[in-house]
Amino acid sequence: MIVLGIETSCDETAAAVVDNTKRVRSNVLLSQNDEHRDYGGIVPEIAARAHLEHIDCLILKAMSEANVDFSDLDGVAATAGPGLIGGVLVGTVTGKSISAVHNLPFMAVNHLEGHALTVRLTNGIEFPYLLLLVSGGHSQILAVEGVGRYRRFGTTVDDAVGEAFDKTSKMLGLGFPGGPAVEKAAKSGNPERFDLPRPLEGKPGCNFSLSGLKTAVRKTCEALPEGPLRREDVADLAASFQAAVAAIVVDRTANAMDRFVSGYGTGRTFVAAGGVAANGTLRNALEDLATDRDMLFAAPPPPLCTDNAAMIAWAGLERLRLGLTDPLDFRPRPRWPLDPSAPPAIGAGVKA
Ligand code: KG4
Ligand code: ZN
């Protein structure tokens, strides 16, 4: 079984071909960082136009690198939400067109499900598992019971973890995208120099709050001597911020682990996924926590944590195997929660 995947929900235009032996036959990606850099963040209209300009070429590249023809495919999957609707439309219309022309099943994939199932492609993890999904638009902890079966334990009440990295990066003058820049700067910094807040630490539940930390970073910047920030201050603040994020995430995840083990039993896997799961400090802290709680730890390799199309092709393949295909009039969804029955977090700001 061979599936083509298309991803266009944010600022990465991507196409990939994956098969049921878990071989990623091709995985191509074009980042729009240069287009958005001057704005310090993603501009939806620019993103949509860039997707439109590059998607055809990228699909052909993915097909040729995988050495397959459209007639070799068993299905085509495209991210159909959640995300920036202009980009999502470009990807779904392209996927539907290929499906119509080549008479292939079409799978409308939830981007979050792509992140959630990647670890089954890369590490062969079995259901059920506990998932921390941390990206630019989402921060959630979920029990993954099966394809399309998610139970949300917690989410952010304000900013997503990736958003906090991106805003901190901007405040520190480290540019865009923020996560990798903050991680790099933090390498030479002292994580203990600034005592930053850890909202909700020690409180029951699995919800996150990051906005107080973001405000504290801004106030710390303002309290430093006027003029451009010194290299050492930037490194120390990046390291202190990263340490605070790790502490917050570990604290929230520890509560989720207790809840997961009491509902699903011991010997299970804890999975970290989404762009922020590419962060080395966070991965190490989470791995230690999992070991402490007698859980196995798994996370996709960093390039498959951040947005890519292999995860969409794989989620599509998992759905195709179960007969979960979609009609060509499927309407893309700017918002699309993995667990629609989950109550909204207090304070809203819930992006899915
Ligand atoms: O999953 P993703 O590529 O896109 C979304 O679905 O949002 O996640 C992007 C987010 C951005 O906020 C980016 O700054 C963050 O993931 N990120 C990181 C790292 N690499 C990407 N955050 C911390 N450390 C990293 N190494
Ligand atoms: Zn993502």
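The values are calculated or read from the model by the stated rules, or taken from the named source; none is laboratory data. Just so it is clear, the model here is predicted, and its values are computed rather than measured. Every residue, glycine as well, gets a Cβ built from its backbone with ideal geometry; the counts of neighbours run over all protein chains shown. Note: accessible area is taken over every heavy atom of the protein model, side chains too, but ligands, DNA and RNA are not part of it. Shrake-Rupley method; radii C 1.70, N 1.55, O 1.52, S 1.80 Å.
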query: Based on the Cβ-Cβ distance from Lys22 to Asp294, what FRET efficiency comes out when R0 is 25 Å, to the nearest 0.05?
result: 0.40
- line: Descending packing, highest mean Cβ count within 10 Å first, for 160-169, 327-336 is 160-169, 327-336
message: To test your reading of the geometry: what angle, between 0 and 90 degrees and rounded to tens, separates the Cα axis of helix 111-122 from the longest principal axis of the chain?
response: 80 degrees
statement: Summing -39500 (n - 2.57) over every DSSP H run of at least 4 in the chain, dividing by its residue total and rounding to the nearest 500, the 222 nm mean residue ellipticity is -14000 deg cm²/dmol
- request: Report the antiparallel proportion of the DSSP beta bridges in the chain as a percent, rounded to a multiple of 5.
  value: 60 percent
task: Could you state the accessible area per residue of the chain in Å², with a 1.4 Å probe and every protein chain left in place?
output: 42 Å²
query: If r is the Cβ-Cβ distance from Asn190 to Arg335 and R0 is 45 Å, what FRET efficiency results, to the nearest 0.05?
result: 0.65
field: With Cα atoms, 0 to 90° folded angle of helix 85-102 axis to the chain main axis
entry: 20 degrees
query: Quick one: which of 228-236, 59-67 comes out on top by average Cβ neighbours within 10 Å, and what's the full order, highest first?
result: 59-67, 228-236
query: Helix 44-66 versus the longest principal axis of the chain: what is the Cα-based angle in degrees, 0 to 90, to the nearest 10?
result: 60 degrees
task: Could you tell me whether region 127-299 comes out rounded, prolate or oblate from its Cα gyration tensor? Rule is a ≥ b ≥ c as square roots of the eigenvalues, rounded for a/c under 1.5, then prolate if a/b exceeds b/c, otherwise oblate.
output: prolate
message: For Lys167, give me every one of the lysines with a C-alpha distance below 30 angstrom, ignoring sequence neighbours fewer than eight places off in its own chain.
response: Lys184, Lys187, Lys203, Lys214, Lys219, Lys351
field: Spatially proximal lysines relative to Lys61 (Cα-Cα < 28 Å; intrachain offsets below 8 disregarded)
entry: Lys22, Lys96
statement: Counting only protein heavy atoms with a 1.4 Å probe and every protein chain in place, the carbon and sulfur fraction of the accessible surface of region 127-299 in whole percent equals 49 percent
- prompt: Relative to the present Cα-Cα distance, how much length would full extension add between Lys61 and Lys219 at 0.36 nm per residue of separation?
  reply: 52.2 nm
query: With θ set to phi - 60° and the Karplus curve 6.51 cos²θ - 1.76 cosθ + 1.60, what are the ³J(HN,Hα) couplings of region 152-160 in order, to the nearest whole Hz, using x for Gly and Pro?
result: 7, 8, x, 8, 7, 8, 9, 8, 7
